[in-house]
1. So if I check each of T418, T488, which one is part of a strand (DSSP E or B), under 26 Å from V363 (Cα atoms), in contact with a helix residue (DSSP H, G or I) (Cβ under 6 Å, 6 or more places away or on another chain) and at pLDDT 90 or above?
2. Which of the residues that make up region 273-298 are open to solvent by 50 Å² or more (accessible area, probe 1.4 Å) and farther than 30 Å from A238 by Cα?
3. Is it fair to say G242 is touching a residue at least 40 places away in the same chain (Cβ under 8 Å), touching a Leu at 6+ places or on another chain (Cβ under 8 Å) and small (G, A, S)?
4. Inside region 491-506, can you point out the residues that are touching a helix residue (DSSP H, G or I) at 6+ places or on another chain (Cβ under 9 Å) and open to solvent by less than 50 Å² (accessible area, probe 1.4 Å)?
5. Among the listed residues N124, N76, N53, N91, identify the single one that is of a type outside the set (D, E, K, R), open to solvent by 20 Å² or more (accessible area, probe 1.4 Å), modelled with pLDDT of 90 or more and within 33 Å of the chain's Cα centre (by Cα).
6. Suppose we filter D241, D231 for residues that are at pLDDT below 95, crowded, with 17+ Cβ neighbours inside 10 Å, of a type in the set (D, E, K, R) and over 30 Å from T422 (Cβ atoms); which single one remains?
7. Here is a list of conditions, (1) under 41 Å from the mean Cα position of the chain (by Cα); (2) at pLDDT below 90; (3) closer than 30 Å to L358 by Cβ, and M471 meets all of them except one; can you say which number that is?
8. Among the listed residues G129, G109, G86, identify the single one that is open to solvent by 30 Å² or more (accessible area, probe 1.4 Å) and either touching a Gly at 6+ places or on another chain (Cβ under 6 Å) or within 20 Å of M177 (Cβ to Cβ) (or both).
Amino acid sequence: MMLRSAIFSTTSLVFLATSASADVSAKDIWADWQSYMAGFGYAVEGQETMSGNTLTISDLKMSVPMPEGQGEFAMNLDKVDFVENGDGTVNLVFPEVMPVFFEAAGPEGETVKGSLDYTMQNMNMRASGDLSKVIYDYTADQIGIVLTELAVEGETMPEGALNVSFTSRNLSGQSVMEPGALRKIAQNMALGATTYAVTFKDPSSDDGVNFNGEMASLNFSGDSFLPASMDPENVANALADGFAVDGDISYTGSKTTFSFTDGGDTMNGSSGAETATIGVKMNKDLLEYAGSSKGVNFNLNGAEIPLPVVAGLGEVAFNLLIPVAKSDTPSDFAFGLTLADFVTSNDLWSMLDAGNVLPRDPVTISLDLVGKAKMLFDFFDPEQMAAVETGGAVPAELTAITLRNLLVSAAGAKLSGTGNFTFDNNDLESYDGFPKPTGGVDFALVGGNGLMDKLVQMGLLPQEQAMGARMMMGLFTRPGEGEDSLTTKIEINEEGHIIANGQRIQ
């Protein structure tokens, strides 16, 4: 909750007002902004002074309680100016340094207090449009966050023991707000060179942790719909009232270096990616995540590691789609994972294969599943979720699943597969409580016999086990196209029979 509040509060500065046009005043903007923040449970306090075309809010404090009474998050600003330009636009002027304070309960119930400085250099923000659609264009030379103090149970961390910082250059963006009972916010934001650092040194020893990272660019775009009054702790009600988000984050040129020191032993490493994207979508019907990183690299070395770990991947990707609302009809779900073109150093290969018997081609593992299921509970309802977790309720009925792609390519062999099944939830007896499946899956294996020969040669696979595996493949597969190629089709028919290549095996 503390992190969510921090992100929300700092981001809210990007669209501080909610209406600015030739027909509104600075006071209108300020009043509407207070209403907007109050919808999220924030208390807003400040002194108003109007002078000419400028409304100044001084001693501004925005605060929100943590969940279950576990503390408070607050942001203090010396002042914010709303400047009417006389041409239907309003400039918003912020101080360059804005203190942020938080108080929360730690993992063991201890009291944690701290403060941050949120900084902006040469921030320019202008609001235009009208009361029904307000457009905010903004730029800044640099924005940053620096941890200034942290105390646990009243004991302040010594100076230099913990440092946390984040800096981004060349901020630019636009936010478009459409006020109403369901407020729509469309945002696009771009950041240039970005760096972040976290360092910790144990005051009583030489133990410590260091993280340093950078990105060449960072971009965000997304739409959100916010009810006029929303309790962030009650997601189910918020979704029912229309809360929804659909956004994407992308970045380029990322690199992170890290080190851990414990008892005199140090471990160092780094990771990075050429490009990456992360997408999130959530509404009353579904929750969806998707992400992809390309040009991924990783290395790790230390006294307790016999050899440096060096690895790279052409792509790492995932996707997850789950229905979240109880329904009488089936909804879509999906899961996908790709680890493509994995490579590592010859030193690590040699630990497994000193004789260089196995081909050292890049390794790829990929799985792509989609299907349909009827949800029998509301995912975000705490009581219903508790019943599912304790086994008191069945979460869903699986009605169909499709294997769109399975690929495992390694050491000169490749296994691929596709298929689909439907499920009869009225028949839970044929398969011991599992709904009766009907359908089939096709597999193809290329290079399987050659791989077994090499594993026998290396002594990793006993000859008799290899012979048994070949006998099984001979029973349930047929020759495919090309050398050392096998295919098989496994089916389950309406009668519940399991059939391999037309031959009934159960």
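The values are calculated or read from the model by the stated rules, or taken from the named source; none is laboratory data. No experiment lies behind these values; they were computed from the predicted model shown. Reconstructed Cβ throughout: ideal geometry from the backbone, glycine too, with neighbour counts over all protein chains shown. Heads up: the accessible areas ignore ligands, DNA and RNA and are worked out on the full protein's heavy atoms, side chains in. Shrake-Rupley method; radii C 1.70, N 1.55, O 1.52, S 1.80 Å.
1. None of the others qualify; the one that does is T488.
2. Correct list: E274, T275, K294, N297, F298.
3. Spelling it out, G242 is indeed touching a residue at least 40 places away in the same chain (Cβ under 8 Å), touching a Leu at 6+ places or on another chain (Cβ under 8 Å) and small (G, A, S).
4. Scanning region 491-506 gives A500, N501.
5. Answer to the check: N124.
6. Among D241, D231, only D241 is at pLDDT below 95, crowded, with 17+ Cβ neighbours inside 10 Å, of a type in the set (D, E, K, R) and over 30 Å from T422 (Cβ atoms).
7. Unmet condition: (1).
8. Of the residues listed, the single one that is open to solvent by 30 Å² or more (accessible area, probe 1.4 Å) and either touching a Gly at 6+ places or on another chain (Cβ under 6 Å) or within 20 Å of M177 (Cβ to Cβ) (or both) is G129.
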